[in-house]
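Novice: Structure provided below as structure tokens; questions to follow.
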Amino acid sequence: MRNQTYILGKLVEITIIFFVIMTALFFLFRLSPGDPISKVADPMLTPEDMRYIIEQMGLDKPIWEQYVIYLKNFFTGNFGVSFHYGEPVFKIIRERLGWTVLLFTSSTILAAFAGVFLGKIAAWNKGSRLDNVLSISALVCYTLFIPWFALLLLWVFGFKLGLFPLGGILSPELWVGNASWFVRMLDILHHMLLPLMTLFVIHLGSYLLLMRSSMLSVLREDYIITARAKGLSERVIRNKHAAKNAALPVVTSVGLSLAFSINGGALTEQIFTWPGIGRELIFAVSNNDYPLAQACFLLIALVVCWPIWLWIFSMPIWIRGLPIEPQGMVLE
Amino acid sequence: MGNWSKWRAEFCFYFLFLAVAFALTGLYACQKSKNSALLNIGLPEEPQSLNLWLGTDANSRKILSQIYQPLYHHHPETLEIIPWLAKDQPVFDPQALTYTVTLREAKWSDGSDFTSEDVLFTKQLFFDFKIPKYYSNWNIIQKIEAPDAHTVVFYLKEPSAIFMSRVMTAPMVSKKEWEPIAKQALAKEKPLRSLQDHPIEKPLGTGPFTLFEYKSGAYIHMKKNPYFFGTGQKIGNHILGPYVESLLFRIYGTSDVAILALKKGDIDYYWGDIQPGYIKDLKEQANIDLYFNKKSALYYMGFNLRKPPFDDKVLRQAIATMVDKDFILTRILQNYGTPMHSVVPSGNHFWYNPNVRKYGQGKTHDERIKLAYEMLKTAGYSWETPPVDENNNIVTPSDIRLPSGAAMDKFVILTPPADYDPKRAFAGTMIQEWLRELGMSAFARPMSFNSLLETVKGKHEFDAFVLGYGQLDLDPDYLRTFFESKNDKPRGWNMSGYRNPEFDTIADEQMTLIDTQKRKEIIWKMQEIILEDLPYLPLYNPHIIEATFNERFKGWVAKVDGIGNIWSMCVVKPAD
Amino acid sequence: MALLSIKNLSIGYQTKAGMLKAVDNISFELERGRPLGFVGESGCGKTTIGMTLMGLLPGNAHILGGSIGFQNQDLIQLNEDQWRRVRGKEIAMIFQAAMNALNPVMRVDEQVIEAIVTHTPDISPADLDKRINELFDLVEIPRVRMKDFPHEYSGGMKQRVIIAMALACNPKLIIADEPTTALDVIVQDQILKEIKAIQKAMNTGLIFISHDIAVVASVCKDICVMYGGQIVETGTREEVFRNPRHPYTKALLGSYLSLDNELTVVIPDMRETPDLTLESGCCRFAVNCKTCSSACKAEVPQWIDISGSHKALCCDETIIRNSHE
């Protein structure tokens, strides 16, 4: 009974949060200067034409009326039609999201694994030359200017060495022919490597540093002495006792960065011409494409709240009293 | 213990990852074929839409202009209007005010005939949906008739000079393709938006290419249209092909990468503007050809004539005297452009008036200061310390006062931000410095493009600004749009608030003149008036700089606005 | 023969202020069946002794001299590999369960199993199972709770698990470092009883370290009172308790715990902290000693035998001998 009240309370909380976010999004975009056609610099377009276009977009109505329509549409699952592309927002996001997820999820996870691994070694050998090399390179990675690094990779591997394509998601030459699906898959992977490398290196730095400091603080914990007192070997202490505990903040940060990857990778996406949602978001905002921009930001809000969703989805398990592991994220 | 094996597993994982990467590399090297039938073109951005009525941005036009064709086109060299889907020049009947156009035996890309029915339908579409731009252009037509399948008669409400350039260059659409869509859309609450939002996957056109496949986010594959009417014909001094089997458009998010792709030969042409900074490097590449062409563009400084201090013509003229266009050109444009003296680009040979007043032309910087000082002093401006002292030496001035005796307030020159267009932003700063030498407190302020337009065009709350029109029509009728009194309204194009009844009269007059020679005289006169009154001070006209990879294809057609045009696509041939 | 015999052991910490002698020239012997208690305020060096016996001194600690005889070997001479074989197997430690003595992401039984498997890698699963059940029975934790995570345990249960962990390999010597400090009085009592019972049943050597002299007295037969790295008085619990001779012991018996920090013993009129950088052998207690004479600061204190095993360290024999309490 108590559980049910609790869940209900949480759901109400989430509903309120999203309502506030949606409202803020709606008004923020309408407060920003210009409208979807203000950028059109075609002198052949008369003011009457422009008014007509605005009217056809439904933007001539009073802002409160627009707001009500917006809410109504949203709750009926209608995200509207992009002003710019004339396509349903849902369709655009679905197309773009896949590419972003493919690139960011894989790079984040790879970077997290490598960061945990290297951070562990660095913390374990604190003060050694290895630690210095790792920490300094991590700092360099962390502070790298993304566009510069991405262009450098493209220039060296794509242009000078000719090993990788210069951006894009696939080789059109290959796809317009009749290549097998396997070759096509490899082709996408091949295109993915350089952007993946860029994001990997950039994320790696922060994960490494995070893991290192987390590991250092874990190594001061009592249970490490307990483990030593048991006569365990140093490797077991490092990997089983210290690293597992130290990796928890990294896991949390991976979760968060997955959420922010939606917009955070816009620069990388732009340089590698990766048709992801980050690029789309930037376009949508600069074009005042309200429906698309709103939907993109809402998506970010949804993803940022991922722990809430996790929590909700795990509710049935809690209720039925099935055993679930607390802090059960085991990472090594 | 199992720890080493875990380490090893991790190492193996990364190693495997690298190994796969390099295996893929090999694959890539193999699959890269030099296909001479495939013309690869880089685009700076994804096209907005394949729906002609929505896709009005530059990148959509690059694709759609290969598909949808107008009745008449501009000749690539002379810029005259020449028949395209039409067979001949139209026959004009001054009494009945009719133009009779005979159509070519052209076919749509699905093999069906292009007839006068389609022209009639296109007109009906413009009118039914009030399609922006086309509707207001075609509004001069009273009615349109089709005596037979290949003849169309246009009835005009009044004589119009812009009939050819505005009406006849509109793209023709197929009745078969659009009739059902239009019927559906007309029934909707917002007909135009419904029409624009209708997804078009395979546009049906009469042009040299047809859309074969559009893979969103990756590429656009166009194939040669076997029914293209121009194949083998000599139009505009070129025997048209197309000589390539297909076009492959791909998108490059930044021009840096696009240029690398060009140098590597991944693309044969980058259909986008190249910044002057790349030129030195590209000139050294043997397999890169560079093209410098004039742009039909107008970059200018605009003044707000509605309020002091810029309501005074003399002040504007003095500012014009101070602005050294050659300096801007050499320093900011690195000489890749032309200084602009009139509001019609000099590349538009026919309409450009070379005899307009050229302020401070050929003068040194000090001479300009003295000249401007004299002009202002004569008009009653005064200073605490004038910019020129009794001994005719240039000094730092202070406290300029208007002829009324009131102090001149500080004013702001709005420019687009440097990341949007560094040239205009820097030009703004330079002008600010020059004006300060006359004792004015000028401030150049970059502002985001949206806000800038909102401020200047929507609210009229500004002092001065630097802007540009990128793709100016070849017909100078835009002078009317920019400077006629009736366009001085919110969102109107007369952003300066210029009101001159004399100008209005001749501007309306030129519109109705069919005789181009007579019209030219008036257009020249209009330019003279504008350059005397200076609502806009034309600054420069940048070159459009483009590059091609020359190992596979040759024969690009250069014209105003560059080599990216339908002529190039129709005549480019494999290099061997 | 004594299970453990420490002779003239000195341990210092290298700090910016110089070498701090946390343990200064101490000697004692430990017999099986005679639990030995170390008592003193925090910082007196008792934990350092415990850590030295586990070979777990931090990096900046140095053994300056002396020997630790344990089972015919000098523990000071052991290398890390040899130490690992001793730790947990021969000498085990019971830590304070307060915060994080148990790994939060490992199930409780795994942490005990780990201790067994490390020292007997070829134990059969059946034997291991049996041993685990035995251990949990011994410390009275229900078997259904074996698979829990530490945070699901109460403080007392955690302490029991730690005891079980220490007992896992039947060590010959157990060092209990403040094992009951974080517990409430009732649980403390239970745990103390358990430790006593287990010690008796297994007949292991036990070193019991605490700041609480009452707790030490309830478990140990012999007591060493430490101050500033030195043992200042040693004897059986009756001797030390009933007949304290050293001024510090006397003060300690009249001490109370401060409210803000349980581990700090507040002794009235003792404001100075002992100077650990002093040369070896000096009387550290002199700064706080009410009976201190000028001779104390110059001379080296001597062990003064009082009766049998009862000894005290002081410069002034008369003070020790003429106890009026």
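The values are calculated or read from the model by the stated rules, or taken from the named source; none is laboratory data. Remember, it's a predicted structure, so these values are computed and weren't measured experimentally. FYI the Cβ positions are ideal-geometry reconstructions off the backbone, even for glycines, and counts take in every protein chain you see. To get the accessible areas, we keep the full protein, side chains included, count just its heavy atoms, and leave off ligands, DNA and RNA. Shrake-Rupley method; radii C 1.70, N 1.55, O 1.52, S 1.80 Å.
Novice: For the range C:154-181, state which residues have at least 10 Å² less accessible area in the presence of all protein chains than in their chain by itself, taking the probe as 1.4 Å and leaving out ligands, DNA and RNA.
Specialist: Residues shielded by partner chains are C:MET165.
Novice: Rank these residues by their accessible area, most exposed first, probe 1.4 Å: C:LYS158, C:LYS196, C:LYS290.
Specialist: From most accessible down to least: C:LYS290, C:LYS196, C:LYS158.
Novice: Would you work out if chain A is rounded, prolate or oblate? Take a ≥ b ≥ c from the square roots of the eigenvalues of the alpha-carbon gyration tensor; rounded if a/c is under 1.5, else prolate when a/b is larger than b/c, oblate otherwise.
Specialist: oblate
Novice: When the helices in chain B are scored as -39500 (n - 2.57) per DSSP H run of 4 or longer and the sum is shared across all residues, what 222 nm value do you end up with, to the nearest 500 deg cm²/dmol?
Specialist: Computed mean residue ellipticity for chain B: -9500 deg cm²/dmol.
Novice: Name the lysines eligible as straight-distance cross-link partners of B:LYS307: C-alpha to C-alpha under 21 Å, and not fewer than 8 places from it in the same chain.
Specialist: The qualifying lysines are B:LYS377, B:LYS410, B:LYS457, B:LYS459, B:LYS486, B:LYS489.
Novice: A further question on this structure: Using alpha carbons only, how many degrees (0 to 90, rounded to 10) separate the axis of helix C:185-202 from the longest principal axis of chain C?
Specialist: For helix C:185-202, the angle is close to 80 degrees.
Novice: Now for a separate question. With charges only on Cβ, +1 for K and R and -1 for D and E, what is the dipole size of the range A:92-287 about its Cα centre, in debye, rounded to 20?
Specialist: For this selection, approximately 780 debye.
Novice: Still on this model: Name the shape class, rounded, prolate or oblate, that the alpha-carbon gyration tensor gives for chain B, where a ≥ b ≥ c are the square roots of its eigenvalues, rounded holds for a/c under 1.5, and otherwise prolate holds if a/b is larger than b/c and oblate otherwise.
Specialist: Oblate is the answer for chain B, as a/c is 1.5 or above yet b/c matches or exceeds a/b.
Novice: By DSSP, what percent of the beta bridges with both residues in the protein assembly as shown are antiparallel, rounded to the nearest 5?
Specialist: Beta bridges within the protein assembly as shown, antiparallel portion: roughly 75 percent.
Novice: On C-alpha positions alone, give me the angle between the axis of helix C:125-138 and the longest principal axis of chain C, in degrees, nearest 10.
Specialist: 50
Novice: Sticking with this structure for a sec: Just reorder B:TRP493, C:TRP303, A:TRP181 by solvent-accessible area, largest first, 1.4 Å probe, all chains present.
Specialist: A:TRP181, C:TRP303, B:TRP493
Novice: Helix C:155-167 sits at what angle to the longest principal axis of chain C, using alpha carbons and giving 0 to 90 degrees rounded to 10?
Specialist: Long axis of C:155-167 versus the principal axis of chain C: about 90 degrees.
Novice: Separate question: Hey, what's the Cα Rg ratio for the range C:186-261 versus the globular rule of thumb, 2.2 N^0.38 Å?
Specialist: Output field value: 1.18.
Novice: Which order do B:HIS543, C:HIS211 take when ranked by solvent-accessible area (1.4 Å probe, heavy atoms of all protein chains), largest first?
Specialist: B:HIS543, C:HIS211
Novice: Under 10 Å, Cα contacts only: if you run a Gaussian network model on chain C, which one of C:TYR153, C:TYR227, C:TYR13 comes out with the highest mean-square fluctuation?
Specialist: Among C:TYR153, C:TYR227, C:TYR13, the largest GNM mean-square fluctuation belongs to C:TYR153.
Novice: Can I ask one more? Using the heavy atoms of the protein chains and a 1.4 angstrom probe, tell me the accessible area per residue for the protein assembly as shown in square angstrom.
Specialist: 42
Novice: Under the rule of -39500 (n - 2.57) per DSSP H run of 4 or more residues, summed and divided by the residues of chain A, what mean residue ellipticity at 222 nm is obtained, to the nearest 500 deg cm²/dmol?
Specialist: Calculated from helices alone, the mean residue ellipticity at 222 nm is -23000 deg cm²/dmol.
Novice: How many percent of the accessible area of the protein assembly as shown is carbon or sulfur, using a 1.4 Å probe?
Specialist: For the protein assembly as shown, the apolar C and S fraction of the accessible surface comes to 57 percent.
Novice: Still on this structure: Does the range C:88-236 classify as rounded, prolate or oblate by the C-alpha gyration tensor (a ≥ b ≥ c root eigenvalues; a/c under 1.5 gives rounded; else a/b over b/c gives prolate, otherwise oblate)?
Specialist: The shape class here is prolate.
Novice: Ignoring ligands, DNA and RNA, how much accessible area is buried between chains B and A, both sides summed, with a 1.4 Å probe, to the nearest 100 Å²?
Specialist: 6600
Novice: Right, here's the next one. In straight Cα distance, which lysines are under 20 Å from A:LYS230, not counting same-chain residues fewer than 8 positions off?
Specialist: Answer for A:LYS230, where 20 Å is the Cα cut-off: A:LYS240, A:LYS244, C:LYS89, C:LYS130, C:LYS147, C:LYS158, C:LYS172, listed by chain and number.
Novice: With contacts defined as alpha carbon pairs under 8 Å and 6 or more residues apart, what's the relative contact order of the range C:114-249 in percent?
Specialist: After rounding, I find 16 percent.
Novice: Sticking with this one: How many angstrom lie between the Cα centre of the range C:194-210 and the Cα centre of the range B:296-372?
Specialist: After rounding, the separation between the Cα centres reads 100 Å.
Novice: For chain A, with a Gaussian network of springs between Cα atoms less than 10 Å apart, report the residue from A:LEU193, A:LEU292, A:LEU103 with the top mean-square fluctuation.
Specialist: A:LEU193
Novice: Rounded to the nearest 0.05, what FRET efficiency is calculated for A:ARG94 and C:GLU80 with R0 set to 45 Å and r the Cβ-Cβ distance?
Specialist: So, using R0 = 45 Å, E works out to roughly 0.20.
Novice: Oh, and also: Looking at the range C:4-220, send over the antiparallel percent of its DSSP beta bridges, to the nearest 5.
Specialist: Beta bridges within the range C:4-220, antiparallel portion: roughly 60 percent.
Novice: Using a cut-off of 23 Å between alpha-carbon atoms, which lysines can reach B:LYS183, once sequence neighbours fewer than 8 places away in the same chain are excluded?
Specialist: By straight Cα distance, B:LYS183 reaches B:LYS123, B:LYS130, B:LYS133, B:LYS143, B:LYS175, B:LYS202.
Novice: Also: Expressed in nm to one decimal, what extension gain is obtained for the pair A:ILE109 and A:VAL68 from 0.36 nm per residue of sequence separation less their Cα-Cα distance?
Specialist: Fully extending the segment from A:ILE109 to A:VAL68 adds 10.7 nm.
Novice: Add +1 for every Lys or Arg and -1 for every Asp or Glu among the other residues with Cβ under 12 Å from the Cβ of A:PRO47, and state the total.
Specialist: Net of charged neighbours comes to +2.
Novice: Let me ask something else. Which whole DSSP H helices in chain A pass both tests: a Cα extent of 20 Å or more along the axis and a mean Kyte-Doolittle value no lower than 0.0?
Specialist: Within chain A the helices that satisfy the rule are A:2-31, A:89-124, A:129-143, A:181-219, A:244-264, A:290-304, A:306-320.
Novice: Hey, can you list the DSSP H helices of chain B whose Cα span along the axis is 18 Å or longer and whose average Kyte-Doolittle score is at least -1.0?
Specialist: B:3-31, B:116-129, B:365-378, B:422-436, B:516-533
Novice: How charged is the neighbourhood of A:LEU154? Take every other residue with its Cβ under 14 Å from the Cβ of A:LEU154, and add Lys/Arg as +1 and Asp/Glu as -1.
Specialist: 0
Novice: What FRET efficiency comes out for the pair B:ASP273/B:ASP419, r = Cβ-Cβ distance, R0 = 25 Å, nearest 0.05?
Specialist: 0.95
Novice: Modelling each spin label as a point 7 Å along the Cα-to-Cβ direction, I'd like the A:LEU28/C:GLU110 distance in nm, to one decimal.
Specialist: Spacing of the two 7 Å Cα→Cβ label points: 4.2 nm.
Novice: To the nearest 10 Å², what's B:SER451's accessible area with a 1.4 Å probe?
Specialist: Estimated to the nearest 10 Å², B:SER451 gives 20 Å².
Novice: Name the most mobile residue of C:VAL105, C:VAL300, C:VAL287, meaning the one with the largest mean-square fluctuation, in a Gaussian network model of chain C with Cα contacts below 10 Å.
Specialist: Most flexible of the set in this elastic network: C:VAL105.
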